[in-house]
Amino acid sequence: MRELSLDHLRTLVAIADLGSLANAARALHLAAPTVTVQIAELESRLGGQLLVRGRGPAQATALGERFIARARRLLADADDAVEDVRRQLAGQTGRVRVGASTGAIAHLLPPALERLARDHPGIDVNVQVLTSNDSMARLAAGSLDLAVVALPQAPARGVHVTPLRREAVVAFLPATWKAPRRLTPQWLAERPLIMNDASTGLYRLTAEWFSAAGVHCRPRIELNYNDAIRTLVAAGYGAALLPEESHEQHARDPRIAVRPLSPALWRQLGLAVSDRSASGPARFVLEALLPEKDSAA
């Protein structure tokens, strides 16, 4: 026997716990001669006697006591490794790579991550700040598992997209500005604007909104960080078109006024998941991101 066998170690520990080879054989559902052979092979492999066997209970030698303690740890580690693999195969543990914009990370992910930590603490979520285009590319390449993306998205091989939620896009403007109750493309185009950068879906959405009204706008600055945009609005630098985070827990800055748009503008978000990850722990992250069902339903 070249290597130690976990079966032999398990037999040795059973003898130590149950006091005899016969008791160990019954507990392990083995024939008594098989247990005798396993202990003999183990002692031969180690080159020393582990048990004193006679008419009374089997007793561990000094060498046996030290080795049995080590055997218990080895068996526990082996059992933990097997259980970890089983949990991973069941999707209960593992690492999930999630892509999202800064806005989604700030407002959509926290409650989902809280539910996930409560229900599936073995799942580790790696969040990456990405545009929707970057997320779709990485999902197709296999370097991302799940993403919150702006819709619509061009089909990508191996990526499945489902609608998540629709958000109203509204105008954020300095509270000192005199503004009508609803803001039109024509009114906003005459003011300094702060827009998301051209790589984002929100930029394309708002640009199409202006274009549909026959208005061309040139932003004063382009950013891809909504919190920074709101900070500039509060400083009076310009107005911005951003999703209305109705679930936002923090009070709005009194230096910022919020106005609906006319015509109304909506942004549709979706969940994109790689087919490679659909059966793993990503499915639990996906469930956590979906709106919770009405308990009264």
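The values are calculated or read from the model by the stated rules, or taken from the named source; none is laboratory data. Keep in mind the model is a prediction, meaning the values are calculated, not measured. Using ideal geometry, Cβ is built from the backbone for each residue, glycine included, and neighbour counts are taken over all protein chains shown.
Overview of results
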| read-out | value |
| --- | --- |
| Flag for Leu30 being among the aliphatic types (A, V, I, L, M), within 13 Å of Ala14 (Cα to Cα) and touching a Lys or Arg at 6+ places or on another chain (Cβ under 7 Å) | no |
| Candidates Ala207, Ala228 - the one that is within 20 Å of Ala104 (Cβ to Cβ), not β-branched (Val, Ile, Thr) and not in a strand (DSSP E or B) | Ala228 |
| Residue within segment 175-190 that is in contact (Cβ under 8 Å) with a residue 40 or more places away in the chain and under 24 Å from Ala154 (Cα atoms) present | no |
| Lone unmet requirement of (1) in a strand (DSSP E or B); (2) aliphatic (A, V, I, L, M); (3) under 15 Å from Leu290 (Cα atoms) for Ala112 | (1) |
| Selected residue [at pLDDT 95 or above and either hydroxyl-bearing (Ser, Thr, Tyr) or farther than 17 Å from Ala257 by Cα (or both)] from Thr184, Thr131, Thr200, Thr162 | Thr184 |
| Looking only at segment 77-117, and only at residues there that are small (Gly, Ala, Ser) and modelled with pLDDT of 90 or more, the one that is surrounded by the most Cβ atoms within 10 Å (Cβ to Cβ) | Gly99 |
| Residue selected from segment 1-24 under the condition hydroxyl-bearing (Ser, Thr, Tyr) and in contact with a helix residue (DSSP H, G or I) (Cβ under 8 Å, 6 or more places away or on another chain), by the criterion surrounded by the fewest Cβ atoms within 10 Å (Cβ to Cβ) | Ser5 |
| In segment 129-184, the residues that are assigned to a helix (DSSP H, G or I) and either surrounded by 14 or more Cβ atoms within 10 Å (Cβ to Cβ) or in contact with a helix residue (DSSP H, G or I) (Cβ under 7 Å, 6 or more places away or on another chain) (or both) | Ser132, Asn133, Asp134, Ser135, Met136, Ala137, Arg138, Leu139, Ala140 |
| Residue match in segment 196-204 (condition: part of a helix (DSSP H, G or I), aliphatic (A, V, I, L, M), buried (at least 18 other Cβ atoms within 10 Å of the Cβ) and not assigned by TED's automatic domain parsing to the domain that holds His107) | yes |
| Among (1) under 29 Å from Pro281 (Cα atoms); (2) over 24 Å from the mean Cα position of the chain (by Cα); (3) not aromatic (Phe, Trp, Tyr), the one test that Ala175 misses | (1) |
| Hits in segment 25-60 - residues which are under 21 Å from Asp77 (Cβ atoms), under 48 Å from the mean Cα position of the chain (by Cα) and either of a type in the set (A, V, I, L, M) or exposed (fewer than 14 other Cβ atoms within 10 Å of the Cβ) (or both) | Leu28, Leu42, Leu46 |
| Given (1) assigned to a loop (DSSP other than H, G, I, E, B); (2) under 30 Å from Val285 (Cβ atoms), index of the condition Gly56 fails | (2) |
